[in-house]
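Here's the structure we're looking at; comments come further down.
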Amino acid sequence: MEIEVTLIKKAFSLVGIFVNNDLDKLLLELSNYDVEQLLFNRENNPALGRLAQQLSSTTMNAMSGHEYHKLASVIVTIKPFLDRFILGGDISALVIFVMVNSYFKIDLKYFLQGMSFPKTTKDQRITQVQKILSAVNMSVSVRANGSYYEKELERVANQGTKENSVKKIYDFVLAIERGGQGFHFNFYLENLVFFLFQLNVKAFIFRLNNLKLIEEYIFYLQSFPERALVILAKKSEQLSNPWVIFELTRQLLKKYRMDDEPAIKGRQAIALLLQQLYLRDEKIYHQAIPFFHSNSVFNVALGEQMQFLSEEDLIKVMKHSLPIDRYNSLLETRTKLLTSISLHTSDDQYQLVLNTARLRWQAEFDRLFKSEEFLNDLFMTSYGNFIIHYYSEEKDVSKIKELLNLTLKKLVWIDSEWVKNESEQITRFYLYFSLLFLLSHAYKNKKLIDEEALKLFDKLKGNPPLSEYITNEKYFKYLNEIAENFNHHL
């Protein structure tokens, strides 16, 4: 949680504010420590504990909008420490400034407003910050007494690094993040990273491009607010490492709940990142799709980015990269993908996507038809609306009528079809019934009228086959929807 910008501006606008004496005294005590002691020896530094205790109440009051004059007093107290770094290169003073501001997260631009210094000076300060960050070892490993499971995940992750395998690497990453503090092993250092970003985005990107380890990318980006991640996404053409782009995508997607309507800036930022990932490393790009596929924002962004894919890669995304199973739990999410594709791709690309989705759905249909799996509900999958749109886009209406009548005949006379047992018969019934359900929507969308189909459907309604197994509330709900689609002209 951050302090509202209006409160920050109000605090900076106050005049005649005095230094916070208690805080100033504590910061002067901290000035006796070097950078190593401040950043990496916190356990043996009691002054840091007193600092946290003193700032907590001020932070809470500032966030709630109360006592902004106390926030102003903190600002007046820490500003000289920033000045000592900017004007004199005092790196310990910078660390103290960052430590205090890490509780308030006030944008650096407010502290620097009205302050001018030569470009050479700024370059020198950037180099100083980069030097500190480059000296830190951020590799993560399982403890010597870690469980077999943890050690196995680490082993597989190391193998995944050599293979460029998203799944193998991020199974380990996600396990670390679930395990407690995750990659948040130095709070103040995280804020020093963000200070570099605020001081100079170009220098920060240069630093990102020189990182080598996955855990480094995570550490650098994990605490960034959404607005900063969006800025980086807009400059993603400057990012040379596909793993940085992948992690930036992951961190940005974490800012949106799965059921959120994708914000325009979020969708556009993710689409930019996906395009850069595609250009940098197609293998990682195609692995990113199943990794993020359940996120609504990702689906909308993917639909936008797919306009830049080759025909081969469009097919690959729809046929291999996006998961499919018999369930429709992601129907709404995947429909957002469909809508986005229709808005951003060409007519030829859109038709290719629909055809590939239909072939994949048909392949899963055929697999279930031949398997011993039991089905007692609609077989929609997450691609259900792709199938409806495929048939709705079909120009030859005779093909739709022919398939519709064939499907209805199979349903009406399902008792004439040889099967091994009742379970197989019920499964086949629901497979045919699912196709009928989807075709009925295309029938309505195209405003078709077919007398033979209407007669067959009346037979199906009047004398439902397998009535002792399938005539339940769920079945009649679907049947009524199909009836409404057939009677669109009434």
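The values are calculated or read from the model by the stated rules, or taken from the named source; none is laboratory data. Small disclaimer: the values here were computed from a predicted structure and weren't measured. Cβ sites come from the backbone with ideal geometry, for glycine too, and all protein chains shown count toward neighbours. Protein only, heavy atoms only, side chains kept; ligands, DNA and RNA dropped before computing areas. Shrake-Rupley method; radii C 1.70, N 1.55, O 1.52, S 1.80 Å.
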Inset, instruction - Find out how many positive minus negative residues lie around Ile205, taking Lys and Arg as positive, Asp and Glu as negative, among other residues whose Cβ is under 11 Å from that of Ile205. - result: +2
Inset, instruction - Beta carbons within 10 angstrom, averaged per residue: use that to sort the peptides 191-197, 172-178, 250-256, 380-386, highest first. - result: 380-386, 191-197, 250-256, 172-178
Inset, instruction - Enumerate the amide H contacts of Asn20 below 5 Å, restricted to partners 5 or more residues apart or on another chain; note that Pro and chain-start residues carry no placed amide H. - result: Thr77
Inset, instruction - Filter the GluC sites (Glu not before Pro) in the stretch 315-403 down to the DSSP loop ones having no more than 16 other Cβ atoms within 10 Å, then list what survives. - result: Glu372, Glu373, Glu394
Legend entry - Size of charge dipole - the stretch 366-408 - debye, nearest 20, with Cβ of Lys, Arg +1 and Asp, Glu -1, no other charges: 120 debye
Inset, instruction - Run the dipole for the chain about the Cα centre, Lys and Arg Cβ at +1, Asp and Glu Cβ at -1, nothing else charged, and hand back the magnitude in debye, nearest 20. - result: 1080 debye
Inset, instruction - Within the stretch 83-119, find all residues whose amide N lies under 18 Å from a label point positioned 7 Å from the Cα of Lys265 along Cα-to-beta-carbon. - result: 105-110
Legend entry - Selection from His184, Leu479, Ala228 lying farthest towards where the dipole of the chain points positive, charges on Cβ: Ala228
Legend entry - Of all accessible heavy-atom area on the stretch 114-272, the percent that carbon and sulfur account for (1.4 Å): 53 percent
Inset, instruction - Would you compute, from DSSP H runs of 4+ residues alone, the mean residue ellipticity of the chain at 222 nm, taking -39500 (n - 2.57) per run and dividing by the full residue count, rounded to the nearest 500? - result: -22000 deg cm²/dmol
Inset, instruction - Towards the positive end of the charge dipole of the stretch 262-343, with charges on Cβ (+1 Lys, Arg; -1 Asp, Glu), say which of Leu330, Ile341, His320 has the farthest Cα. - result: Leu330
Inset, instruction - Roll a 1.4 angstrom probe over the protein heavy atoms and tell me the percent of accessible area of the stretch 312-454 that is carbon or sulfur. - result: 50 percent
Inset, instruction - Grab the other residues whose beta carbon is less than 11 angstrom from that of Leu55, score K and R as +1, D and E as -1, and report the net. - result: +1
Legend entry - Relative packing of peptides 94-106, 436-448, 76-88, 28-40 - highest average C-beta neighbours within 10 Å first: 94-106, 436-448, 76-88, 28-40
Inset, instruction - Place a +1 charge on the Cβ of each Lys and Arg in the stretch 299-415 and a -1 charge on the Cβ of each Asp and Glu, then give the dipole magnitude about the Cα centre in debye, rounded to the nearest 20. - result: 220 debye
Legend entry - At most 15 other Cβ within 10 Å, DSSP loop - chymotrypsin sites (Phe, Trp or Tyr not before Pro), the stretch 265-351: Tyr327
